[in-house]
C-alpha cells in the first residue's frame, strides 16, 4: 500500500479522497497551533461539513470552531473543548451546534490530536456526527416516561383523595339536610360542601391526566360535535376573538367518549383565547391523516394507522421552547391564578382515547395543537335520551364492603336515611362471614373495587356463588383492571364513581336493585 518513500500511491490517494468526500459525518482537520482566541484554525473540511453547517469550504479555512456555536450552545461544553485543545488531550462530547442560518442541531464531536513520526503534534482531526434525531427520540422517551410516572402518582393521589372527599362531601350533605336553611351553620356547611366539590373537580382532572378515568365511548362524528359546541365556545372566548372553521366532509367517526372530546376542545379553545388578550383569530379545522411507520418511529407512542385530525390554532403570543416542553405537566401554568390542569387533562384524554397530540408554537406568532384520534369507520352512535330513575329508597338489605371507615359510614348513613337495611364490612373475608351468618336475603352488594387482600371483583364472585340473586354495584375513585380495561367499563358492570352525592348513590343503588343479577360469566 505504501511506496518506498512513505507516500501513498496515486490510486490510494484517490480512494482516500473519494471516501472522505462521501462520508456522512463531517470531517474537520485543524492546525496544531492555537490562535489568539485559544482555538486552532481549520485547514480542511469535507463535503458533509458543508452540507450540515451550511458553510462553504472557502469561507471556513482559517476560521475556528466558534462558527458552529449558537445561542443554545452550552458554555460548559465550550470550556471542555477549549481545555482539550489546551492540554492536547482527545475528547468526545455531545453538544448543541448551530448552522450558518441559525438552525440548531445536536452533534457528537470526536476530537483527536495527530502526531507525526517524531511524535510532534502536527494537527487535530475532528469527526462531527449529527445526532439530532437520536436526541429528539431520547427526549421524547424521557418525556413520556416522566409523564407516565407523574400520571401514576397523580392517579394514586386522586384515588386516596377521592375517599377523603367522599366523606367530607357526604357528611356535609347529610348535615345540610338536618340544619335549618338560612342559619349561620347551614351557610358554613354549604361552604364546606362547595369546597369539597371544587376539590372533586380537580381530582377528576388528575384522573383524566393519569388516564385512570372511566370512559363511555361511542362512535362520534367530530364535525357535528364541534358545531353543537360552537355557541358555548363563542360565549367562552368573547367577541374580541374571531372564530374560523374549516371541516373536511365527510369525516369518519372516532370511538371516543363525547363528553371527554368536548372537554378537549373546550380546553384548547379557552387556552387559545387566553393567548390572545387583545384579540385575534382562532381557527378550528378537521381532516384525516395517515400516520405511517416513519411518523410513528419519530413520535413515541404513536401507532401507525388512519386518524382524524382536530387542529386548533391561534394568533396569540406563542410559547418559548421551555414552556412548550412542559405545557402538558399537571400544575404547570404560566397564567396567574391558573390550576395548570387544563392541558394536562387534554393530554390524558387524548392518550387514553388511543390518540396523539402535537404542538407547535413560536413566540409572537401563535400556537397550533393537532389532536389525532384513530378512525373507527362506524356509523355515528345515535343519541339515546334515557328516563332518569327516580331517586327513591326501599327496604332491601345492602351489604357495604369498604376498607375506608369514613366512606363506609357515610354510605351507611345515606342508605339508612333512604330506608334500606345495611350491613357493613371492611374487607372480603369479613363480608363472607357476615353473609354466612345473615339468615335473610342480601339484595345488593355495594363494594369498593380496591380492597385489601381480595379486590371487589373477587369478593363479588365469592358472594354471588352462594347468593346468585344478589345484585352488585362497584364503587371506586380510580379505574383499575378488576372491572375496567383501558378506561372502558366492562359490559354488565355497574359502577358508582367516588366522590358520590347522596342522590347519585340512591340512583345507582335503585338502578342496580331493579336491574339484572350479577352474572359472573360476563366477567371472564
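Read-outs: derived from the displayed coordinates by stated rules, not from any lab. From a predicted model like this one, the values you see are computed outputs, not experimental measurements. For neighbour counting, all protein chains shown are included, and Cβ atoms are generated from backbone atoms with ideal geometry for every residue, glycine included.
Measure nothing fancy, just the Cα-based angle from helix 428-437's long axis to the longest principal axis of the chain, in degrees from 0 to 90, nearest 10.
10 degrees
With n ≥ 4 as the cut-off for DSSP H runs, can you work out [θ] at 222 nm for the chain, using -39500 (n - 2.57) per run divided by the number of residues, rounded to the nearest 500?
Calculated from helices alone, the mean residue ellipticity at 222 nm is -13000 deg cm²/dmol.
Restricting to bridges with both residues inside the chain, how much of the DSSP beta-bridge set is antiparallel, in percent to the nearest 5?
70 percent
Which peptide among 318-326, 108-116, 342-350, 160-168 comes first, and what is the full order, when sorted by highest mean count of other Cβ atoms within 10 Å?
Ranked by mean Cβ neighbours within 10 Å, highest first: 342-350, 160-168, 108-116, 318-326.
So if each residue of separation counts as 0.36 nm, and I subtract the Cα-Cα distance between residue 293 and residue 86, what length gain in nm does that give?
69.9 nm
For region 10-130, divide the Cα radius of gyration by the Kirkwood radius and give the resulting Rg/Rh value with two decimals.
Numbers: Rg = 14.2 Å, Rh = 14.8 Å.
Ratio value, two decimals: 0.96.
Could you state the angle between the C-alpha long axis of helix 10-22 and the longest principal axis of the C-alpha atoms of the chain, as a value from 0 to 90 degrees rounded to the nearest 10?
Value to nearest ten degrees: 30.
Hey, rough spin-label estimate for residue 323 and residue 270, points 7 angstrom out along Cα→Cβ, what's it come to in nanometres?
Reported label-point gap for residue 323 and residue 270 is 1.8 nm.
In whole angstrom, how far apart do the alpha carbon centroids of region 350-369 and region 157-205 sit?
36 Å
Which log10 I(q)/I(0) values, to two decimals, does the chain give at q = 0.06 Å⁻¹ under the Debye formula with one point per Cα?
Treating every Cα as an identical point scatterer, log10 I(q)/I(0) equals -0.47.
So, in nm, how far is label residue 334 from label residue 10 when the simple model puts each one 7 Å beyond its Cα toward the Cβ?
It works out to 6.4 nm between the two label points.
Using a 10 Å cut-off on Cβ atoms, rank the peptides 175-188, 44-57 from the highest mean neighbour count down.
Peptide ranking by packing, descending: 44-57, 175-188.
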